[in-house]
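What follows is a set of notes on a single structure, which appears directly below.
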Amino acid sequence: MLYQIYETQRSLMAPFSEFASASAKLYDHPLSPFAHSPLAQRISAGFDLLHRLAKEYEKPPFGITSATVDGIEVAVQEQVALSKPFCRLLRFKRFTDNASALATMKDQPTALVVAPLSGHHSTLLRDTVKSLLHDHKVYITDWTDARMVPLSEGAFHLDDYVGYVQEFIRHVGSEKVHVISVCQPTVPVLAAVSLMASRGEATPLTMTMMGGPIDARKSPTVVNDLAINRSHTWFENSVIFRVPPNFPGAGRAVYPGFMQHTGFVAMNPDRHVSSHYDYFLDLIRGDDDSAEAHRQFYDEYNAVLDMPAEYYLDTIKTVFQDFALVHGTWVVNGEPVRPLDITRTAILTIEGELDDISGAGQTKAAHDLCLGVPKARQFHYDVEGAGHYGIFSGRRWREKVYPEVRTFIKRHNKAQVAKAPSNVTALPKRSRAR
């Protein structure tokens, strides 16, 4: 019922949002007589802010059309490499007529970015992809909004997520790919590679795990506390709803995007209020650059998707309540998940100093599980001053994190023995897990 109420409210607000948008332009356009009234700028700014607060935010495009390779600008085309009911594997194919750049691109490593299925669209990693395209062939998982998937496609569990990751790795090429997982997928990606290793399959050359809940018991955050302190039944009864009839996935049980967005905002309400007020002031001052930066951020931040209920509940139980990965009790389709069996893949874990979603030590815990990987091929990097989003987007990602990821991938692209990047710390010798 809550989903239907939300959709009704959204439909009622849509005309008001359009009215606010038109009114903002009416008081701002130089040819409008209203634009010359004393309070025109303030009125226009107020209507613009109301429009943005009331509007519906659709999934934004990646919008990546070019990249620079060795100082040469090359064209980039977004292609669908593989399509599944709940996810598309996208490839950002680069094109150029420059022989030197073409030769460089041919020899560059292949990176598979596994984006989170945790509320936001994969376009949240746009900055990640942009940076990687300078030095890599890039693929990314593009998860589908569950409300757009018909019931006839069946359920989607955490085990299915693991299966998707394995299929994508094989499609790109297990023996040549470097897998990068950001936040939520660090757990299923580690499980997917572990299962491949246990079967004797080729595993990725490297795994880079960034800000994820490998062991959510360490430095628990507000997000962890909610998952730990509420029962599985509470989540089933309180946050799971059916998709309304006006979507292709009508009747599917989901954790709705609007509830996730409410949770995101509730974590830092003062910061969002302040940001919107600053936007209002920027409009009054005519600071177009700052106003546009605000729009770009919230166009992405406010665009959310529904998650399949089965997958969401499985994740809560497996990752945040049973801690099945670290306890060695996780079984996927009858196969035990054994990170100890990984021996070939080099590992880099990355954590942000100020991360309020995945606490300190949660991602680094992967090294305690992957004891089959030689210590010389295991590295960890703490990003000073970075919050959760800062480790994969923005200035700190571009200036601090990406250079280390690039160097790590390059040094482990073919050679099986390599030294750590400059700021990355090789882990000391550890005893085997008990």
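Could you tell me whether segment 97-105 includes any residue that is surrounded by 21 or more Cβ atoms within 10 Å (Cβ to Cβ) and within 30 Å of residue 310 (Cβ to Cβ)?
Scanning segment 97-105 turns up no residue that is surrounded by 21 or more Cβ atoms within 10 Å (Cβ to Cβ) and within 30 Å of residue 310 (Cβ to Cβ).
Quickly run through segment 225-238 and pick out the residues that are in contact (Cβ under 8 Å) with a residue 40 or more places away in the chain and closer than 27 Å to residue 148 by Cβ.
Those that are in contact (Cβ under 8 Å) with a residue 40 or more places away in the chain and closer than 27 Å to residue 148 by Cβ: 227, 232, 235, 236.
Do we have residue 314 as assigned by TED's automatic domain parsing to the domain that holds residue 155, assigned to a loop (DSSP other than H, G, I, E, B) and either under 18 Å from residue 124 (Cβ atoms) or of a type in the set (Asp, Glu) (or both) here?
no
Quick test for you: out of 263, 257, pick the one residue that is surrounded by fewer than 17 Cβ atoms within 10 Å (Cβ to Cβ), under 21 Å from residue 314 (Cα atoms) and within 23 Å of the chain's Cα centre (by Cα).
Selected residue: 263, the only one of 263, 257 that is surrounded by fewer than 17 Cβ atoms within 10 Å (Cβ to Cβ), under 21 Å from residue 314 (Cα atoms) and within 23 Å of the chain's Cα centre (by Cα).
Among the residues in segment 265-286, are any in contact (Cβ under 8 Å) with a residue 40 or more places away in the chain, within 30 Å of residue 188 (Cβ to Cβ) and in a helix (DSSP H, G or I)?
The answer is yes; a qualifying residue exists.
Please specify each residue of segment 64-110 satisfying the condition of being at positive phi and either touching a helix residue (DSSP H, G or I) at 6+ places or on another chain (Cβ under 6 Å) or aromatic (Phe, Trp, Tyr) (or both). Explain how you work it out, then say what you get.
The initial filter retains those residues of segment 64-110 that are at positive phi, namely 70-71.
70 - this is the single residue of segment 64-110 that is at positive phi and either touching a helix residue (DSSP H, G or I) at 6+ places or on another chain (Cβ under 6 Å) or aromatic (Phe, Trp, Tyr) (or both).
Looking at (1) farther than 17 Å from residue 114 by Cα; (2) touching a helix residue (DSSP H, G or I) at 6+ places or on another chain (Cβ under 6 Å), which one does residue 234 not meet, given that it meets all the others?
Single failed check for residue 234: (2).
Look at segment 139-169 and say how many of its residues are touching a Phe, Trp or Tyr at 6+ places or on another chain (Cβ under 7 Å) and aliphatic (A, V, I, L, M).
So the answer is 3.
Which members of segment 299-314 meet the condition of being closer than 21 Å to residue 250 by Cβ and of a type in the set (Asp, Glu)?
Answer for segment 299-314, where residues must be closer than 21 Å to residue 250 by Cβ and of a type in the set (Asp, Glu): 306, 310.
Please go through segment 377-434 and pick out each residue that is of a type in the set (Val, Ile, Thr), at pLDDT 65 or above and not in a helix (DSSP H, G or I).
383, 425 - these are the residues of segment 377-434 that are of a type in the set (Val, Ile, Thr), at pLDDT 65 or above and not in a helix (DSSP H, G or I).
Scan segment 74-124 residue by residue and report those that are closer than 23 Å to residue 393 by Cβ and either in contact with a Cys (Cβ under 6 Å, 6 or more places away or on another chain) or without any contact (Cβ under 8 Å) to a residue 12 or more places away in the chain (or both).
116
Could you tell me which residue of segment 193-230 is farthest from the chain's Cα centre (by Cα), considering only residues that are of a type outside the set (A, V, I, L, M, F, W, C) and assigned to a helix (DSSP H, G or I)?
198
Only residues in segment 287-310 that are outside any helix (DSSP H, G or I) count as the first member; pair them with residues that are β-branched (Val, Ile, Thr), Cβ under 6 angstrom, at least 6 apart or cross-chain, and list the lot.
From residues that are outside any helix (DSSP H, G or I), the pairs are 306/254.
Look through 408, 392, 379 and report the one residue that is under 17 Å from the mean Cα position of the chain (by Cα), more than 18 Å from residue 216 (Cβ to Cβ) and in contact (Cβ under 8 Å) with a residue 40 or more places away in the chain.
One residue alone meets the criteria, 392.
I need every pair where a residue in segment 22-40 that is over 18 Å from residue 285 (Cα atoms) has its Cβ under 9 Å from the Cβ of a residue that is part of a helix (DSSP H, G or I) and of a type in the set (D, E, K, R), sequence separation at least 6 or different chains.
From segment 22-40, the pairs are 23/48; 32/25.
Residue 322 is checked against (1) closer than 30 Å to residue 203 by Cα; (2) surrounded by fewer than 19 Cβ atoms within 10 Å (Cβ to Cβ); (3) within 20 Å of the chain's Cα centre (by Cα) and fails just one. What number does that condition carry?
Just one mismatch for residue 322, condition (3).
If I ask for residues that are in contact with a Ser or Thr (Cβ under 8 Å, 6 or more places away or on another chain) and polar (S, T, N, Q), which ones from segment 362-382 would you list?
362, 363
Do you know which residues across segment 35-53 are in contact with a Lys or Arg (Cβ under 9 Å, 6 or more places away or on another chain) and either surrounded by fewer than 16 Cβ atoms within 10 Å (Cβ to Cβ) or closer than 23 Å to residue 145 by Cβ (or both)?
Result: 52, single match.
The values are calculated or read from the model by the stated rules, or taken from the named source; none is laboratory data. Treat the numbers as computed from the prediction; the structure is a model and nothing was measured. Glycine gets a Cβ as well: all are built from the backbone with ideal geometry, and neighbour counts include every protein chain shown.
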